[in-house]
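Structure first, then comments.
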Amino acid sequence: MIGTPGVRQSGIVARMPSVLAVNTGSSTVKFGAFETAGGTLAPVLRGRIESHGPGRRVLSLDTDGVVLTEAPWVDRGRDTAPDLLRWVEARLAGPVAGVGHRIVHGGPDFSQAVAATEPVLKALDALAPLAPLHQQQGLAGAWALRKSHPDLPQVLTFDTAFHGGHEPVADRLGLPRVWEARGLRRYGFHGLSYESVAEQLALLDPSTATGRVVTAHLGSGASLCALRNGRSVDSTMGATPLDGMVMGTRCGSLDPGVVLYLQQIAGLDAAELVDLLYRRSGLLGVSGLSGDMRVLLESDDLAAREAVDLFVYRAAREVATLAGSVEGLDGLVFTAGIGENSPRIRAEICARLAWLGVELDPAANSRGTGQLSAAGSPVTGWMIRTDEERMIARHASRLLGLDR
Ligand code: AMP
């Protein structure tokens with residue numbers, strides 16, 4: 001609902017040019033407005049539009065993610081972005097100078113932030129089959145704003161971009177080379193999140209940050225990234241955000257023979273396979289109950305426990321695999337909804353990694369702030385809150401020249 005009374009946060013009149021970061025997920029839109037000046041970004045407003053039962057609601061959040069206000073949300077147009085822009089501008093008491101969007105797939109051609117021109121948007125639309133739950137949802141906001149606000153500068157920022165420096169061997173699929181030439185290779189995703197966490201780790205713990213680190217982004221979508229000196233070396237996600245970890249509703253890595261079987265023997269067509277592998281698998285499929293980790297952790301059901309066990313097992317296995325990519329492990333960082341908020345999942349994953357030198361401090365893990373590892377642990381453990389919106393705003397303000 002536009003201009004809902006009572007959701008105005010006090011004292012947020014932007015004095016400097018501000019950039020709106022729009023982070024469209026499969027079921028929520030996270031957003032943040034940042035003042036940009038002198039090379040710094042200052043958050044002035046943060047929030048989230050989420051589905052809530054049959055309706056949607058808009059939440060405004062403080063810098064720790066604590067909900068300040070909430071109100072029903074109804075889009076007036078077909079896409080949320082123009083209404084969101086008006087909602088934000090009403091609260092900033094002024095226009096935003098530019099908008100940045102998170103786009104999941106940049107494909108082979110977009111390895112850094114780019115202006116949202118029509119040819120670029122069309123080229124990115126063509127990548128939708130490689131990210132059917134996310135690509136068009138992210139692009140829809142940019143298309144809609146081009147119509148509603150044609151003069152507003154818009155920037156697209158990519159989840160794949162942070163992984164652009166991988167050695168070719170890390171991204172090569174075992175397929176005939178003709179497919180690589182056509183763009184089928186491993187890319188890696190959640191890059192804006194990994195960039196945010198790497199930047200924070202470099203400030204919190206510079207010596208670990210310069211070493212070999214695995215960051216586990218464990219949310220509804222889940223992946224892990226191996227970093228050396230703050231740069232991505234390998235990731236569990238591949239050509240699509242379906243690969244790697246078992247997730248809320250996505251299957252993660254699957255023997256490709258299983259897909260052939262589903263097609264040939266069970267007779268599933270392409271749309272049914274997308275629905276099965278992206279929307280009905282993972283924690284939801286294994287538990288038969290929910291893809292939401294909180295629901296599973298509160299359940300006494302055996303299948304819910306088995307789904308949680310699978311998530312923990314696969315996460316620990318992926319940490320070990322990625323330690324192989326960087327030939328050792330100095331740091332392990334947890335982030336995103338589950339990684340930031342569930343001491344139990346962190347503890348269960350780390351218990352499986354004791355052989356690699358991961359020793360948690362149970363009290364620090366329960367508090368869940370900052371460093372989690374015991375004194376003397378060979379691997380330093382951290383919980384770091386990801387801030388994808390800041391990264392989107394950073395890339396957008398740089399490209400628009402608003403950061404000077
Ligand atoms: P994200 O996609 O990063 O927003 O993360 C969403 C996931 O985080 C969902 O599976 C939630 O159930 C999970 N989550 C959020 N808070 C908690 C919590 N306190 N304990 C366990 N899981 C949580």
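The residue that is farthest from Gly221 (Cα to Cα), counting only those in region 307-327 that are more than 16 Å from the ligand (Cβ to nearest atom) and not small (Gly, Ala, Ser), is Glu327.
Going by what's in this entry, would Tyr261 be described as among the aromatic types (Phe, Trp, Tyr), outside any strand (DSSP E or B) and within 16 Å of the ligand (Cβ to nearest atom)?
no
For the condition farther than 13 Å from Val326 by Cα, buried (at least 24 other Cβ atoms within 10 Å of the Cβ) and in contact with a Lys or Arg (Cβ under 8 Å, 6 or more places away or on another chain), Gly221 qualifies. Counting the residues of region 48-69 that are away from the ligand (no atom under 14 Å from the Cβ) and in contact with a strand residue (DSSP E or B) (Cβ under 7 Å, 6 or more places away or on another chain) gives 9. For the condition touching a residue at least 60 places away in the same chain (Cβ under 8 Å), buried (at least 16 other Cβ atoms within 10 Å of the Cβ) and of a type in the set (Val, Ile, Thr), Thr236 qualifies. Only residues that are modelled with pLDDT under 85 and surrounded by fewer than 16 Cβ atoms within 10 Å (Cβ to Cβ) were counted in region 17-34, giving 1.
Conditions tested, residue by residue: (1) surrounded by fewer than 21 Cβ atoms within 10 Å (Cβ to Cβ); (2) within 12 Å of the ligand (Cβ to nearest atom); (3) at pLDDT below 95; (4) of a type in the set (D, E, K, R).
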{"position": "Leu329", "(1), (2), (3), (4)": "no, no, no, no"}
{"position": "Thr335", "(1), (2), (3), (4)": "no, yes, no, no"}
{"position": "Arg344", "(1), (2), (3), (4)": "yes, yes, no, yes"}
{"position": "Pro378", "(1), (2), (3), (4)": "yes, no, no, no"}
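The listed residues are Leu227, Leu277, and the only one of them that is without any contact (Cβ under 8 Å) to a residue 40 or more places away in the chain and surrounded by 20 or more Cβ atoms within 10 Å (Cβ to Cβ) turns out to be Leu277.
Taking the listed residues Glu340, Glu389, the one that is among the acidic types (Asp, Glu), closer than 18 Å to Leu297 by Cα and within 16 Å of the ligand (Cβ to nearest atom) is Glu340, with no other qualifying. For the residues Leu124, Leu156, the requirement of being outside any loop (DSSP other than H, G, I, E, B), within 20 Å of the chain's Cα centre (by Cα) and over 24 Å from Ala271 (Cα atoms) singles out Leu156.
The values are calculated or read from the model by the stated rules, or taken from the named source; none is laboratory data. Since the structure is predicted, the reported quantities are computational estimates derived from the model, not experimental observations. Note that each Cβ is placed from the backbone with ideal geometry, even for glycine, and that neighbours are counted across all protein chains shown.
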